[in-house]
Structure formats: C-alpha cells, structure tokens
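Heads up, the thing below is written out as structure tokens.
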Amino acid sequence: MFRVTFLIDDPAERQRLANELRSLTMGGDVRIVSAFADAKSVEVYLEVGESVVWRDVTDQFAQRLGVDEYEVTRAEPLRIDVPASTDAVDRRRLRPATITQVRVHPDGRTLSVQARHRSDETVETVEVQQTEEAVAITVLLGTPDNDAREHYVSFAVAFTWVDTMLDRPVGIRRLIH
C-alpha cells in the first residue's frame, strides 16, 4: 500500500480535489483504499498490485487529478490482535460516529442523538457514561461483514437519529459528545 500526499494550502483546491476523488476510478490492479484531508494536505491510500509499477501509477494518478506537488511513501498495514471474546470480535469492526445534534425530550431522561456517517454504515449502539457532572455520549457505527465498500473512499454522508434513555434526568449535567 502507498500513501500519496498532496500538499494543498488553498481550501478551494482541496475541495476540487475531494470532488475529483469522489468520481475517480482506478483501473487494473490499483484501488483507492481511503482518503483524508486536513488544513494543508490531502492523503490518498492506494493498494497497488505486485505486477504494477507503483511510481508510474502515482505519476498518472497525480496527472489525472491535475496536481504537480506530491509525495509518495510506502504504508505497511499493522496487524492488531484482538482478544478472542465475542464482544471484542464484534467491536473491532465498530468506529465512533460524528454526533451532530443531541436533543433532550421533555421527560429529561430521553435523548435523541443525530449521527453523521457513511451511507454504507449503520448505527450499531449508543454508549452513555453518566456522572454527577456530565453525560458522555458515543455513537458506534458498523458495516456488514465482508462489505466490499468498507475499503473504498466514500464522501457520501447520511444522518441517523437514534433515541437513548438515561438512568435519571439530565438536569444541570453537561452533555459531552
């Protein structure tokens, strides 16, 4: 696997590149695994088959995107051993969602939580930790086993509302998400 980093300071150019990546397909033995953007760069992870010359692929990739400055580094996937309990096996496929809104119902104990996620993910669970001072909320997302889409870039988003019940009313406690 290779990480291609495009150094881009201009927000409009980063947006253009993100739009290009949404519709870009790589042919042959090359696949876009994931892509990330921050304030200064866009990083794209490519899986390149052994029969392919990676330098040619990254040069063509940059040309197709219209970018001159980029850096390529080899990225080796790390194996992470997970304990053999059934909870651990299920949880390793979960990831936290971005919570966009939390609403407290009139009873003070019921919360409606809105999570943003990829369109192929589903809300699996809502975890709530309660103390005297705060209520911490985490929404965990999952994808079906062997979902072919989980390794591809997806810029499409979905929003899901889910309700959860607290042990006691929120009152003056802070909501943390």
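For the structure I just gave you, tell me whether Arg173 is at pLDDT 90 or above, loosely packed, with under 13 Cβ neighbours inside 10 Å and basic (Lys, Arg). No, not satisfied. For region 52-74, filtering for residues that are loosely packed, with under 11 Cβ neighbours inside 10 Å and not charged (D, E, K, R) leaves 4. Within region 83-115, if we keep just the residues that are loosely packed, with under 11 Cβ neighbours inside 10 Å and part of a loop (DSSP other than H, G, I, E, B), the residue that is modelled with the lowest pLDDT turns out to be Ser85. Taken together, the residues in region 3-51 that are exposed (fewer than 11 other Cβ atoms within 10 Å of the Cβ) and either part of a strand (DSSP E or B) or in contact with a Lys or Arg (Cβ under 8 Å, 6 or more places away or on another chain) (or both) amount to 1. Within region 40-64, the set of residues being out of contact with any Leu (no Cβ under 6 Å at 6 or more places or on another chain), more than 10 Å from Val30 (Cα to Cα) and of a type in the set (A, V, I, L, M, F, W, C) comprises Val44, Val53, Phe61, Ala62. Within region 120-127, is even one residue surrounded by fewer than 17 Cβ atoms within 10 Å (Cβ to Cβ) and at pLDDT 90 or above? Checked against the condition, which is being surrounded by fewer than 17 Cβ atoms within 10 Å (Cβ to Cβ) and at pLDDT 90 or above, region 120-127 yields at least one hit.
The values are calculated or read from the model by the stated rules, or taken from the named source; none is laboratory data. All values derive from a computational prediction rather than experimental measurement. Please note: Cβ atoms are built from the backbone with ideal geometry, for glycine as well, and neighbour counts cover all protein chains shown.
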